[in-house]
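The values are calculated or read from the model by the stated rules, or taken from the named source; none is laboratory data. Because the structure is predicted, anything quoted here is derived from the model rather than measured. Here the Cβ positions follow ideal geometry from the backbone for every residue, glycine too, while neighbour counts run over all protein chains shown.
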Amino acid sequence: MSERRFTVTAAVDRAIRLHGQETYPHECCGALVGHDDRVTDVVALPNTTEEGPRRRFLVRPSDYRDAERRAAELGGELLGFYHSHPDHPARPSQYDLDHAWPTFAYVIVSVAGQGQALGSADLSRQSAEGATADGATAERASAGLPRRSAERAKAGDMTVWYLKDDRSSFDEGTLLYGENTHSDPAPTVHR
């Protein structure tokens, strides 16, 4: 495990997990915005892969530029990217390694459908704020919105990874959970 530490606020943790649950069984992806290895905002990005969003994600150059622009508008820097692994552990795949860029952090969240078992450690971890599929479903129903796949999926482990200098593999960092220091905690997710 790497010495590197990466801090996310409770709102960022919740937003990433919910994004993964909402897009299940497809992979979600987004940008991580903040300063000095501390994420204060996320920008959800479209998964535009042509290889099938069930097992892949793609950040197009235009989405990358949009993420940098949004980071600047939010007063932060682009620190990296997040994505989900539906029905798989929160560990980088060979595809992730082949498409990683140096200097960025990569957060991966495992998301499992009901009845899928990734192991108790993978599925037992909940967001510090209790962001569960049941809460997301109740909020959507009360707003008159259709039910999404979040009701059939549950986010599990979330990890952070850094590409090694020689690009041969990733080093796992330590993911820390901190307080939200944003002046307005509501706009943590930007779509």
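Within segment 38-70, which residues are charged (D, E, K, R), modelled with pLDDT under 95 and under 14 Å from TYR82 (Cβ atoms)?
ASP63
Are any of the residues in segment 65-83 basic (Lys, Arg), touching a residue at least 24 places away in the same chain (Cβ under 8 Å) and within 23 Å of GLU172 (Cα to Cα)? If you could, list the steps in order and put the result at the bottom.
Filtering segment 65-83 down to residues basic (Lys, Arg) leaves 65, 69-70.
Restricting the remaining residues to those that are touching a residue at least 24 places away in the same chain (Cβ under 8 Å) gives 70.
Subset that is within 23 Å of GLU172 (Cα to Cα): none.
No, segment 65-83 contains no residue that is basic (Lys, Arg), touching a residue at least 24 places away in the same chain (Cβ under 8 Å) and within 23 Å of GLU172 (Cα to Cα).
Here is a check on your reading of the model: is GLY30 within 22 Å of LYS154 (Cα to Cα), under 12 Å from the mean Cα position of the chain (by Cα) and in contact (Cβ under 8 Å) with a residue 60 or more places away in the chain? Before you say what the answer is, go through the steps one by one.
Values: within 22 Å of LYS154 (Cα to Cα): yes; under 12 Å from the mean Cα position of the chain (by Cα): yes; in contact (Cβ under 8 Å) with a residue 60 or more places away in the chain: no.
Considered against the rule, which asks whether it is within 22 Å of LYS154 (Cα to Cα), under 12 Å from the mean Cα position of the chain (by Cα) and in contact (Cβ under 8 Å) with a residue 60 or more places away in the chain, GLY30 comes out as no.
For segment 21-71, how many residues meet the condition of being in a loop (DSSP other than H, G, I, E, B) and at negative phi?
Going residue by residue through segment 21-71, those that are in a loop (DSSP other than H, G, I, E, B) are 24-28, 36-37, 46-60.
When the remaining residues are screened for being at negative phi, the result is 24-28, 46-51, 53-60.
Residues meeting the conditions: 19.
What are the residues in segment 2-20 that are closer than 15 Å to ILE108 by Cβ and in a strand (DSSP E or B), if any?
PHE6, VAL8
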